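Notes follow the structure.
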Amino acid sequence: MTLPDGLVAFVKRDCPTCALVEPVLGELADAGILNAVYTQDDPTFPRGIAALHDDTGLEASWRNGIETVPTILRVEEGREADRIVGWSREQWTAFTSVADLGAGLPEHRPGCGSLSADPDRAAGLEAQYGDGFASRRVEFASAEDPMEAMHDRGWSDGLPLVEPTTERVARMLRGTARDRQDVVAIVPPNLVECTVEKVAVNAVMAGCKPEYLPVVLAAVATACTDAFNMHGLLCTTMSVGPVVLVNGPIRNAIGMNSGVNVLGQGNRANSTIGRALQLVVRNVGGGEPGGIDRSTLGNPGKVGFCFAEDEEGSPWPSFSQSRGFGPRASTVTLFPGESPRIVVDQVSRTPEALAASLGSALIGTNHPRLVMATDAMLVISPEHASRFAAAGWSKERTVSRILEATCQPAEGLWGIAGEGDGAAGDAGPGGVAKFRPDGLHVVHAGGRAGLFSAVIGGWVAGDKGSHTVTKEVSPWA
């Protein structure tokens, strides 16, 4: 939409300042200085101006970025050269070169919010007047139930989806500063380019809020790295999927749960971020169960598994700090994991006893005889962590002692392919540890009451399977 050259005003009747300067606008129009007035709410306001344009659809205001009314633009060769906002006799006089402008009016009055900047209208205006969406639009028949139609088209993980209308997707995209057509990742198994817009569509369907989008974008980018090997994670018959751990200030900013019921239901961010990742893999990459997804049993976490670490209550540096990130960095970590299994220990009173107890529980991960093949994530609750903290144990010491407690004699153990005796390699003085030296990932989370922790077993670790990968949530995402 091209504006006429000269001075152009944007106003609305429901604005005291616009009503105040109505005679000034008339004076400028009569003098041939004001070439157009766009009115947002009343096509007859201000009265007596010939070059009055009905902008109740708000297209002109939206396209010209009007945030406050009254706003006056100086347009030269169809482009904005300058603008002033609100009423200031000094500014308007200099802007129009008209002396004694607005005699008798106050020297200054602030303006009002433009209707085009109203948060309740912004997404709809973006959808209506924006550059458009590259994603293919699917029109449902009038008699179709959108929820059933989406399920019938194979977009769902089995649960109801939120219909991704243009308004909802536009609102979701306001959660990031990135261009909607930026490529976030090449999504397996079909190796399809996935844009910010495509992620936003699936985030809407998953039930995310716009402020979650940077975390979802980071999770998608992390899942699609060669190191994480999402393709392999889909193809395996093991019952594993991506587990998303969130660290840093963004946890609290978007209201994630790191406490009571941390691995369960009830928190919107926890529940929908992991689901959005899985929907991207399904709907963009083509990773559907029964197709490339060959999991023998599956697990409930494959709907979406995401939680936050309790950093504030932890006696140790955060998980992301242990991986080299600063304390103010917001990160996502993807771990290739199964469903959590609870470790109950209400007896151990010393750190030594509890380390031995947790180690013995970890031996059973995947299979007691399978060693050095998979990693594990150990979610230690606050009450269990307090045993180590009270004794002054560092995180490194705690992990080391737990690993020692997983050692078993080499005879009869299985290696990575499940071969017979000796496949696990040479035993150390204490036997063969269950995991590689860096293969036990300890995270602090959970409710304050309860002597329980949880083990999340992993898939094949390292280059033959998946690495655990941590990436920063981009501050401009």
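The values are calculated or read from the model by the stated rules, or taken from the named source; none is laboratory data. Everything numeric here is computed off the predicted structure, so don't read it as measured data. Because the Cβ atoms are built from the backbone with ideal geometry, glycine has one as well, and the counts that use them run over all protein chains shown. Calculation scope for accessible area: heavy atoms of the full protein, side chains included, ligands and nucleic acids excluded. Shrake-Rupley method; radii C 1.70, N 1.55, O 1.52, S 1.80 Å.
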How do C235, C224 rank by accessible surface area computed with a 1.4 Å probe, from largest to smallest? C235, C224
Starting from the range 343-409, pick out the trypsin sites (Lys or Arg not before Pro) whose DSSP state is loop and whose Cβ has at most 14 other Cβ atoms within 10 Å. R349
What dipole magnitude, in Debye to the nearest 20, does the chain give about its Cα centre under +1 on Lys/Arg Cβ and -1 on Asp/Glu Cβ? 1540 debye
Roughly how big is the range 1-154's charge dipole about its Cα centre, with Cβ charges of +1 (Lys, Arg) and -1 (Asp, Glu), in debye to the nearest 20? 260 debye
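Take I66, I342 and sort them by solvent-accessible surface of the protein heavy atoms, 1.4 Å probe, largest at the top.
I342, I66
With the contact rule set at Cα under 8 Å and sequence spacing of 6 or more, what percent relative contact order holds for the range 1-116?
Normalised by residue count, the contact order of the range 1-116 is 31 percent.
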The long-range amide H neighbours of A185, using H built 1.01 Å from N in the peptide plane and a cut-off of under 5 Å, are C194
Using a 4.7 Å cut-off between beta carbons, which cysteines in the chain end up with no partner cysteine at all? C194, C208, C224, C235, C306, C407
In angstroms, what radius of gyration and Dmax does the range 218-334 have, counting Cα atoms only? 14.7, 44
Looking at G285, L358, V303, which one has the Cα that reaches farthest to the positive end of the dipole of the range 248-359 (charges on Cβ: Lys, Arg +1; Asp, Glu -1)? G285
Per the Kirkwood treatment, what hydrodynamic radius in Å, one decimal, follows for the range 308-409 from the mean inverse distance over all distinct Cα pairs? 14.9 Å
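Equivalent ellipsoid semi-axes for the range 20-163, as square roots of 5 times the alpha carbon gyration tensor eigenvalues: give them largest first, rounded to whole Å.
Result for the range 20-163: semi-axes of 44, 14, 14 Å.
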Dipole magnitude of the range 1-55 about its Cα centre (Cβ charges: Lys, Arg +1; Asp, Glu -1), debye to nearest 20: 40 debye
Can you give the translational diffusion coefficient of the range 200-281 in µm²/s, computed by Stokes-Einstein from the Kirkwood radius over Cα pairs at 25 °C and 0.890 mPa s? 184 µm²/s
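Reported to two decimal places, what Rg/Rh ratio describes the range 88-228 when computed on Cα atoms with Rh from the Kirkwood expression?
1.21
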Highest to lowest packing among 148-160, 284-296, scored as the average C-beta count within 10 Å: 284-296, 148-160
For Cα Rg over 2.2 N^0.38 Å the list reads [x] 0.93; [y] 1.30; [z] 1.01; the calculated value is entry [y]
Go through K434, K302, K209, K464 and list them by solvent-accessible area, largest first, probe radius 1.4 Å. K464, K209, K302, K434
Where both partners of a DSSP beta bridge lie in the chain, what percent of those bridges are antiparallel, to the nearest 5? 70 percent
Per the 1.4 Å probe, what fraction of the accessible area of the chain, in percent, lies on carbon and sulfur atoms? 50 percent
Dipole of the chain, positive end: most advanced residue of H151, V347, F335 [Cβ charges, Cα centre]: V347
How large is Rg/Rh for the range 354-396, to two decimals, with Cα atoms and a Kirkwood Rh? 1.03
Give the lysines whose C-alpha is closer than 29 Å to that of K471, dropping any in the same chain fewer than 8 places away, or say none. K198, K209, K302, K395, K434
